[in-house]
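Some notes on the structure that comes next.
The values are calculated or read from the model by the stated rules, or taken from the named source; none is laboratory data. As the structure is a prediction and not an experimental result, all values here were calculated from the model. Every residue, glycine among them, receives a Cβ derived from its backbone with ideal geometry; neighbour counts consider all protein chains shown. The accessibility values were calculated without ligands, DNA or RNA, using every heavy atom of the protein model including side chains. Shrake-Rupley method; radii C 1.70, N 1.55, O 1.52, S 1.80 Å.
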Amino acid sequence: MQARSALFDLYGDHLRARGGRAPVAALVKLLAPLGIAPPAVRTAVSRMVRQGWLDPLKLASGPGYSITPKAARRLDEAAARIYRTGRSGWDGRFDLIVLEAPNARRERQRLAANLTFLGYGTLDECTWVATRPGEDIDVLLSEAGVRYERFTAAHAAGTPGAMAVVRRAWNLNEIGQAYERFVTEQRPLIAKVNARSGDEEAYAARFRLVHAWRTFLFRDPQLPPALLPERWPGAA
């Protein structure tokens, strides 16, 4: 588990609802049960400050870090998808974006990762589609310095046509298989936790479970049920 990813999980799953701030000593202590060493935590914190996710601040117990408004938006978006508290219905319309891809490969990869995180799939290198508008999409594209056009689109062929678009933009077989692997791999982790488990053991198991589940934020756009295959593995 990478320290930076673990910090996102820690702030999103535990600290966001408690003010979104913590002293450095607490961050180190909370990540110790995951086997993450103090130097790795401090290095990851510094990197997140440079990237605009954390702000340094002084707390009564010592120096600490608070999430930035950008991080708060991203964590709230992630929490709604991790715990499936967002809407699952569909109004029959797609959010369609046609953009000018950056020339640099690294910038293209970063942009693609961010668009995927917000639930967009690619029809080609310059055309992205989602079944619901990403709340942060205009801010994301503006900050990336990308020129783009954005449309609301409905398929003339109705749901069958829309399903064809979905299958072009996302590999549903691959996503479904990832869900099946998740269930198989995580069952042993959960089975180890019982009424006799200590708080730290239960905390670490829960943390690892959420961390593994978080990867679906970059895989599964959480399509509305009307556009999913029957017996969708993600439901399990």
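Listed by first and then second residue, the pairs linking a residue in the range 96-109 that is open to solvent by 80 Å² or more (accessible area, probe 1.4 Å) to a residue that is basic (K, R), with Cβ atoms under 9 Å apart and 6 or more places separating them unless they lie on different chains, are E100/R147. Has the range 80-89 got at least one residue that is part of a strand (DSSP E or B) and in contact (Cβ under 8 Å) with a residue 40 or more places away in the chain? Checking the range 80-89: not a single residue is part of a strand (DSSP E or B) and in contact (Cβ under 8 Å) with a residue 40 or more places away in the chain.
In the condition set (1) open to solvent by 80 Å² or more (accessible area, probe 1.4 Å); (2) within 17 Å of the chain's Cα centre (by Cα); (3) of a type outside the set (S, T, N, Q), E149 is compliant with all but (2).
Taken over the range 132-146, the residue count meeting the criterion of being touching a helix residue (DSSP H, G or I) at 6+ places or on another chain (Cβ under 7 Å) and open to solvent by less than 70 Å² (accessible area, probe 1.4 Å) is 4.
Residue count for the range 187-214 satisfying the condition of being open to solvent by less than 30 Å² (accessible area, probe 1.4 Å) and either in contact (Cβ under 8 Å) with a residue 40 or more places away in the chain or closer than 28 Å to A112 by Cβ (or both): 4.
The sole residue among L223, L217 that is in contact (Cβ under 8 Å) with a residue 60 or more places away in the chain, part of a helix (DSSP H, G or I), open to solvent by less than 50 Å² (accessible area, probe 1.4 Å) and closer than 30 Å to G161 by Cβ is L217.
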